């Protein structure tokens, strides 16, 4: 079945450091790929998405490129802030039969320190 | 736009009891999905409802059941609660159109089984 693998956390960075969180996937067909963010005590917020190969999703300084050849969707940010501290989830979805079940990775906790 | 709303936010139940969680989808959305997120894990798909019927189901026992109402709101019912059912339960809504894979999440219901 479909699956998503993320790098394990926690990842601890200093403010203004460069961030990479690795994500690879296994899926048949042509999934859409997502990054969701979860702040403490809250639900999931969609951070960015890409629906086809070579698409780049971007939002709030975060970027990720859909790489079909390496089945990857790594999340990057050039300069992190303390407010970026949260858990980040990589996910995939396929619009099969009209439904859009999401398959998530286990999440990567990011801690940004001053 | 109120977004996806869930109730209650927190709930404590005793083993063997039954629980009902509620979800109102984002305005204009017709599909509701439920996810279980255990502590430190990614969300796991429970099931999805569209046109008042269960359309997809994840690997969860029959103790987990649901319902969707004509106004698209939904309930998740869990019978014979186990300690292992303690988790954050997330509702996601989406619009069932060809190729659409995007879902919006509520804040979740934190269920504790004692």
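Tabulated data
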quantity	calculated
Label-point separation, residue A:42 to residue A:26 (7 Å along Cα→Cβ), nm	3.3 nm
Separation of the residue B:112 and residue A:76 label points, Cα + 7 Å toward Cβ, nm	4.3 nm
Approximate spin-label separation residue A:8-residue B:62, in nm, with each point projected 7 Å along Cα-to-Cβ	3.8 nm
Rounded D (µm²/s) - region A:1-111, Kirkwood Rh over Cα pairs, Stokes-Einstein at 10 °C, 1.306 mPa s	113 µm²/s
Global geometry of region A:33-84, whether rounded, prolate or oblate, following the gyration tensor of its Cα atoms and the 1.5 cut on a/c	prolate
Approximate shape of region A:17-57 as ellipsoid semi-axes (Cα gyration tensor, √5λ), whole Å, largest first	22, 14, 10
Fully extended contour minus Cα-Cα distance, from residue B:95 to residue B:52, at 0.36 nm per residue	14.1 nm
Area projected by the alpha carbon convex hull of the protein assembly as shown, averaged over all directions, nm²	12.4 nm²
From the C-alpha gyration tensor of chain B, square roots of 5λ in Å	23, 14, 13
B:4, B:32 arranged by Cβ crowding within 10 Å, fewest neighbours leading	B:4, B:32
Per-pair calculated FRET efficiency, R0 = 41 Å: residue A:16 and residue B:41 via Cβ, rounded to 0.05	0.85
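Throughout, read-outs are computed from the coordinates displayed, never taken from laboratory work. In this text, all values refer to a predicted model and were calculated from it rather than measured experimentally. A quick note on method: Cβ atoms are made from the backbone with ideal geometry, for glycine too, and the neighbour counts reach across all protein chains shown.
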